[in-house]
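Below is one structure, written out as structure tokens; the observations come after it.
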Amino acid sequence: MFGITVRDHVMIAHSFRGEVFGPAQRLHGATYVVDATFRRADLDTDGLVVDIGLATRALGEVLGGLNYRNLDDEPDFAGLNTSTEFLAKVIADRLADRVHAGALGENARGLSGITVTLHESHVAWASYERDL
């Protein structure tokens, strides 16, 4: 399986509901380093997994919809705990939508999966992996 990873970052604010979250129930900020890995079994006709420029642009666009936002105020997330794990899935699903729409090029339709990893710090991160 081949893979290529692009990286960006996003800054958000949010709060959580539930005693398990302790002080994180209060509004707080987070800056995530975000890795998006695109996978396929065989390289495309150009010898690529995916066009790295288009993948970088797509990740930036997805993160742009979240960046500098209080996720508690976003209608898409009303009533939800926007945990790191949850956000990894949101980003992966939004990237998958772009793949299916052709935003990463026609050859990207041969991708088999995406993994998104959000790094909360140098010692903790969460990922979501999905098929395409």
Worksheet item: Do we find that Arg39 is over 14 Å from Asp93 (Cα atoms) and either in contact (Cβ under 8 Å) with a residue 60 or more places away in the chain or touching a His at 6+ places or on another chain (Cβ under 6 Å) (or both) in this structure?
Response: yes
Worksheet item: What single numbered condition from (1) in contact (Cβ under 8 Å) with a residue 24 or more places away in the chain; (2) more than 18 Å from Asp131 (Cβ to Cβ); (3) touching a Phe, Trp or Tyr at 6+ places or on another chain (Cβ under 8 Å) fails to hold for Val34?
Response: (3)
Worksheet item: If you take the residues of the range 65-104 that are assigned to a loop (DSSP other than H, G, I, E, B) and of a type in the set (A, V, I, L, M), which of them is nearest to Gly18 (Cα to Cα)?
Response: Leu80
Worksheet, complete the sentence: Scanning the range 90-126 for residues that are in contact (Cβ under 8 Å) with a residue 40 or more places away in the chain and open to solvent by 60 Å² or more (accessible area, probe 1.4 Å), the one farthest from Leu80 (Cα to Cα) turns out to be Asn107
Fill in: Matching residues in the range 8-47 - criterion: being surrounded by fewer than 18 Cβ atoms within 10 Å (Cβ to Cβ) and under 21 Å from Ser112 (Cβ atoms)
Ala41, Asp42, Leu43, Thr45, Asp46, Gly47
Fill in: Hits in the range 105-122 - residues which are farther than 13 Å from Val33 by Cβ, out of contact with any strand residue (DSSP E or B) (no Cβ under 7 Å at 6 or more places or on another chain) and assigned to a loop (DSSP other than H, G, I, E, B)
Gly105
Worksheet, complete the sentence: Filtering the range 65-77 down to residues that are within 17 Å of Asp93 (Cβ to Cβ) and open to solvent by 40 Å² or more (accessible area, probe 1.4 Å) yields Glu74, Pro75, Asp76
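The values are calculated or read from the model by the stated rules, or taken from the named source; none is laboratory data. On a predicted model such as this, the values are computed, not experimentally measured, just so you know. Heads up, the Cβs are rebuilt from the backbone with ideal geometry, glycines too, and the neighbour counts pull from every protein chain shown. Accessible surface is based on the protein model in full, side chains and every heavy atom, while ligands, DNA and RNA are left aside. Shrake-Rupley method; radii C 1.70, N 1.55, O 1.52, S 1.80 Å.
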